[in-house]
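The values are calculated or read from the model by the stated rules, or taken from the named source; none is laboratory data. Predicted model, so just to flag it, every value in this text is computed and none were measured. No Cβ is skipped: glycine too gets one built from the backbone with ideal geometry, and neighbour counts run over all protein chains shown.
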Amino acid sequence: MVYVLIAAVVIVVIAFASKSHHDHVNEAWGGAARSLGLVLRPAGWATQPRLSGATAGLEVVVDIEDQGVGRNRRGSTRFRVNYPSLQLGLHVTREGLLTNVGRAFGKTEFRVGDRPFDDVAFVKGRDASEVRAFLTPDRRVRILRALQTYDSCEIRDTHVICTRAGTVSDSGVLRATIQALLRLAGELSDDRRPAEAPSKVDRARVLAEVIDQMAAAKPDEPPEAETPAEPDPIPDPALAPTPEPVPAPAAPAEEPPSRLPLPPLADPAPARDARETAEALFGGDGFLTDVKARFESNYLDREVRWQGRLKTAQRFSFDMVFPGTDGVRAVLTIARLRTGGYGEQEIQAVVHVPAETRETLASQIDADVIVTGRLVAVDPFLRSVFVDDGAVELSIRAS
């Protein structure tokens, strides 16, 4: 009898925890569905949540995909955006074990001549020259960002699929991921989609034609001179009535004093200390999608002088946040916060410092250092801020 009661209690606890989890997931997925105009099939005892519908003119599907078998079986959140066929036979994935196995069996990929892209992306297609022409710099940047951001990502002729580990239960993460893949799909299919409105080029051409027509038009003819009317006869002064006295004109009202000139705009004030900045950006339970707006409003281009624990210092020749430069990415832990339901999270600063500091920084790994620089970007999902024009000012303590 005791075992029966224990089993019953365990079943009730599991059922309650499962319902609580389903409610939390359905609330997050429902918020994303409402904001993006999608349809939600809620999670239940025997069903996984699913979003579907069209937004921004493209078909979107988000569902849960089971991967692995047995004890290694786990779920992941799969995001798919469909678009008109590119008709290139395109297949882009991230370099890894499977692509290396494919090469061993004779599968070959294209190289586009962009080393940072070629080192990460495994590209296939029907015609190498067409694929290279299609992969413009803007498209390569978006593809590279997707390949480096998600747990897995695959781009094909008609769709893009990316996954995140586990069941995503944050409405902000769901929305931001869908919107990022919509931008990627729009960039890939831009010249394949039917035009719903004139493009920028068309609008510029139409405006230029209108201006040319205005310039070619004849100027307006000057108005004809009016024939002056004959003067009225001069009246006899004796017969004219006595004029009434005309009151003196009122003194003009005194003009209000002019406004004082506004002081010139000052340079952005320095950002607060690292922890305060981290709490202002990432603290609380707000949506991650709001982080970027807060950063751009309050922190972009502000100077910083922060202390943090140096984690890595790696040389780079290409970086999407610091384009057109090379140097070293120094990654520091600047704070640890409890954010949302994720427990304690590390908040990091990624600092661009000169290449010649690589050896010096390598000897300071796990040391507390002070860095200076200018805030240029934020990554809400990685909970990182990016600092350009950086310098390591002082080593405080080595661990």
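For the stretch 33-49, enumerate the residues that are in a loop (DSSP other than H, G, I, E, B) and either among the β-branched types (Val, Ile, Thr) or crowded, with 16+ Cβ neighbours inside 10 Å (or both). Step through it out loud before you land on a result.
Applying the first criterion (in a loop (DSSP other than H, G, I, E, B)) to the stretch 33-49 yields 37-38, 42-49.
If the condition is that a residue be in a loop (DSSP other than H, G, I, E, B) and either among the β-branched types (Val, Ile, Thr) or crowded, with 16+ Cβ neighbours inside 10 Å (or both), then LEU38, PRO42, ALA43, THR47, GLN48, PRO49 are the ones that fit.
Take the stretch 358-383 and flag every residue that is in contact with a helix residue (DSSP H, G or I) (Cβ under 9 Å, 6 or more places away or on another chain) and touching a residue at least 40 places away in the same chain (Cβ under 8 Å).
Across the stretch 358-383, the qualifying residues are VAL369, LEU375, ALA377, VAL378, PRO380, PHE381, ARG383.
Check the stretch 360-368 and report whether any residue there is aliphatic (A, V, I, L, M) and surrounded by 18 or more Cβ atoms within 10 Å (Cβ to Cβ). I'd like the intermediate steps shown before the answer.
Of the stretch 360-368, the ones aliphatic (A, V, I, L, M) are 361-362, 365, 367.
Within this subset, residues satisfying the condition of being surrounded by 18 or more Cβ atoms within 10 Å (Cβ to Cβ) are 361.
Scanning the stretch 360-368, I find at least one residue that is aliphatic (A, V, I, L, M) and surrounded by 18 or more Cβ atoms within 10 Å (Cβ to Cβ), so the answer is yes.
Within the stretch 112-172, which strands (runs of 3 or more DSSP E) (wholly inside it) include 3 or more residues that are in the same structural domain as ALA43 (by TED's automatic domain parsing) and in contact with a helix residue (DSSP H, G or I) (Cβ under 8 Å, 6 or more places away or on another chain)?
Values: elements: 121-124, 152-156, 159-165.
In the stretch 112-172, the matching strands (runs of 3 or more DSSP E) lie at 121-124, 159-165.
Quick one: how many residues across the stretch 268-282 are surrounded by fewer than 17 Cβ atoms within 10 Å (Cβ to Cβ) and either at pLDDT below 85 or of a type outside the set (Asp, Glu) (or both)? I'd like the intermediate steps shown before the answer.
If we filter the stretch 268-282 for residues that are surrounded by fewer than 17 Cβ atoms within 10 Å (Cβ to Cβ), which is where we start, we get 268-270, 272-273, 276, 279-280.
Checking which are either at pLDDT below 85 or of a type outside the set (Asp, Glu) (or both) leaves us with 268-270, 272-273, 280.
Count: 6.
Could you tell me which numbered condition GLU393 fails, if it satisfies all but one of (1) at pLDDT 85 or above; (2) surrounded by fewer than 17 Cβ atoms within 10 Å (Cβ to Cβ); (3) part of a strand (DSSP E or B)?
Going through the list (1) at pLDDT 85 or above; (2) surrounded by fewer than 17 Cβ atoms within 10 Å (Cβ to Cβ); (3) part of a strand (DSSP E or B), GLU393 breaks only (1).
So is ARG80 touching a His at 6+ places or on another chain (Cβ under 7 Å) and at pLDDT 90 or above or not?
On the way: touching a His at 6+ places or on another chain (Cβ under 7 Å): yes; at pLDDT 90 or above: yes.
Yes: the conditions hold for ARG80.
So if I check each of GLY125, GLY37, which one is under 25 Å from GLY172 (Cβ atoms) and modelled with pLDDT of 85 or more? First the steps, then the outcome.
Working: GLY125 fails: under 25 Å from GLY172 (Cβ atoms).
Going through GLY125, GLY37 in turn, just one is under 25 Å from GLY172 (Cβ atoms) and modelled with pLDDT of 85 or more: GLY37.
Is it true that some residue in the stretch 143-159 is of a type in the set (S, T, N, Q), more than 17 Å from the chain's Cα centre (by Cα) and within 25 Å of GLY37 (Cα to Cα)?
Of all residues in the stretch 143-159, those of a type in the set (S, T, N, Q) come to 148-149, 152, 158.
Next, from what is left, pick out any that are more than 17 Å from the chain's Cα centre (by Cα): 152, 158.
From the residues that got through so far, the ones that are within 25 Å of GLY37 (Cα to Cα) too are 158.
Checked against the condition, which is being of a type in the set (S, T, N, Q), more than 17 Å from the chain's Cα centre (by Cα) and within 25 Å of GLY37 (Cα to Cα), the stretch 143-159 yields at least one hit.
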